[in-house]
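A quick write-up on the structure given underneath.
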Amino acid sequence: MSTAANPNAIHTHIWNESPEPDNAFAARTAYCGGYDVYGELLGRARWVDMLYLLFRGEAPSVAQADLLEALAVALANPGPRDASVHAAMSGGVGGSTAASCLMAALAVGAGQLAGGREVFLAMQAWVACSTDLSAWQQRLATAPAGNAGSAWPTPEHPPGFDPHGVSTATPVRQTLACCARLGPGPCLPWLAAQRPLLEVAAGCPLALAGVAAAAFTDLGLTPEQGEMLHLLLRLPGAAAHALEQRQQGYKQFPFGSVTLEDASREAAS
């Protein structure tokens, strides 16, 4: 039914719903990608199935769903070492609202160092280079270029690689091995095979953001979609750590607090 025929209907390319006959503000049916969400998917589909359906407009294959689920587990909690989680923890221990803690995590986790924008830039590299080793080596050997007029600064390291690392971190190796085994390819298996050569070209080891970028590319997402989904999938850990810090209080904040007595003694010395 078109919106012209029924002015109370709400329709986008993602979502199609019709209202209850006695309440125009409540949906009676809701369809996503042609599937009845509450009458057909609920109780049958996994959360990652719904995520894929929302972003891609079609149901994932078994391999695609398994890959997205594994990646979601790997990204769910970046841990307190990550700046975005640290931001949420600071909000929690300071008594900020739930939304404020999550917004802090999103703001800090949106950037070009382990953040959503780094995933976007790394996915752009996959679009440009695909599985051409020479193209990757040439791209990694060239200093990242800035985008005139962009709000983003010029990247300071090859996107998808860890500028502070000496060797590839164990969780990065484990995530890459798992995702390469589960996914439909071709990017992840190729990345697993060529990782040592790519790291030499980049001058630093692969980062988890680089694995995520390859996985999102294998899932058929655009760089814009990968950036958005990466931000979303990292929020559970930020939320959990913020809640923990709210309960523990600032005296048990794991990064070391400075008391007024400490500050006074330091000023007097």
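What are the residues in segment 65-97 that are over 18 Å from the mean Cα position of the chain (by Cα) and either among the hydroxyl-bearing types (Ser, Thr, Tyr) or closer than 16 Å to GLY111 by Cβ (or both), if any?
SER90, SER96, THR97
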### Message
Going by what's in this entry, would ALA88 be described as more than 15 Å from GLY226 (Cα to Cα), in contact (Cβ under 8 Å) with a residue 40 or more places away in the chain and buried (at least 18 other Cβ atoms within 10 Å of the Cβ)?
### Response
yes
### Task
Count, please, the residues in segment 95-149 that happen to be over 21 Å from LEU198 (Cβ atoms) and aliphatic (A, V, I, L, M).
11
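Which one of these is part of a helix (DSSP H, G or I), at pLDDT 95 or above and not aromatic (Phe, Trp, Tyr): ARG117, ARG44? Before the answer, list the steps.
Details: ARG44 fails: part of a helix (DSSP H, G or I).
One residue alone meets the criteria, ARG117.
Looking at the structure I just gave you, is GLY39 modelled with pLDDT of 90 or more, more than 24 Å from LEU229 (Cβ to Cβ) and not aliphatic (A, V, I, L, M)? Don't jump to the end; show me each part of the working.
Details: modelled with pLDDT of 90 or more: yes; more than 24 Å from LEU229 (Cβ to Cβ): yes; not aliphatic (A, V, I, L, M): yes.
Spelling it out, GLY39 is indeed modelled with pLDDT of 90 or more, more than 24 Å from LEU229 (Cβ to Cβ) and not aliphatic (A, V, I, L, M).
Residues TRP152, TRP126: which one is touching a residue at least 24 places away in the same chain (Cβ under 8 Å), farther than 22 Å from CYS187 by Cα and aromatic (Phe, Trp, Tyr)?
Values: TRP126 fails: farther than 22 Å from CYS187 by Cα.
After ruling out the rest, the residue left standing is TRP152.
Within segment 56-81, track down each residue that is touching a residue at least 24 places away in the same chain (Cβ under 8 Å) and either of a type in the set (D, E, K, R) or part of a helix (DSSP H, G or I) (or both).
Residues satisfying the conditions are ARG56, GLU58, ALA63, GLN64, ASP66, LEU67, LEU68, ALA70, LEU71, ALA72, ALA74, LEU75.
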### Task
Identify all residues within segment 131-148 that are without any contact (Cβ under 8 Å) to a residue 60 or more places away in the chain, hydrophobic (A, V, I, L, M, F, W, C) and over 12 Å from GLY203 (Cα atoms); write none if there are none.
ALA135, ALA145, ALA148
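Can you tell me which residue among ALA74, ALA63 is in the same structural domain as VAL119 (by TED's automatic domain parsing), modelled with pLDDT of 95 or more and surrounded by 14 or more Cβ atoms within 10 Å (Cβ to Cβ)?
On the way: ALA63 fails: in the same structural domain as VAL119 (by TED's automatic domain parsing).
Only one candidate passes the filter, namely ALA74.
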#### Entry: Output for segment 232-249, where each listed residue is surrounded by fewer than 17 Cβ atoms within 10 Å (Cβ to Cβ), among the aliphatic types (A, V, I, L, M) and under 19 Å from GLY116 (Cβ atoms)
LEU232
### Residue list for segment 151-175, filter: touching a helix residue (DSSP H, G or I) at 6+ places or on another chain (Cβ under 7 Å) and at pLDDT below 95
TRP152, PRO155
### Query
Is it true that some residue in segment 20-39 is without any contact (Cβ under 8 Å) to a residue 60 or more places away in the chain and closer than 29 Å to TRP152 by Cβ?
no
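The values are calculated or read from the model by the stated rules, or taken from the named source; none is laboratory data. Since the structure is predicted, the reported quantities are computational estimates derived from the model, not experimental observations. All Cβ positions, even for glycine, are placed from backbone atoms using ideal geometry, and neighbour counts span all protein chains on display.
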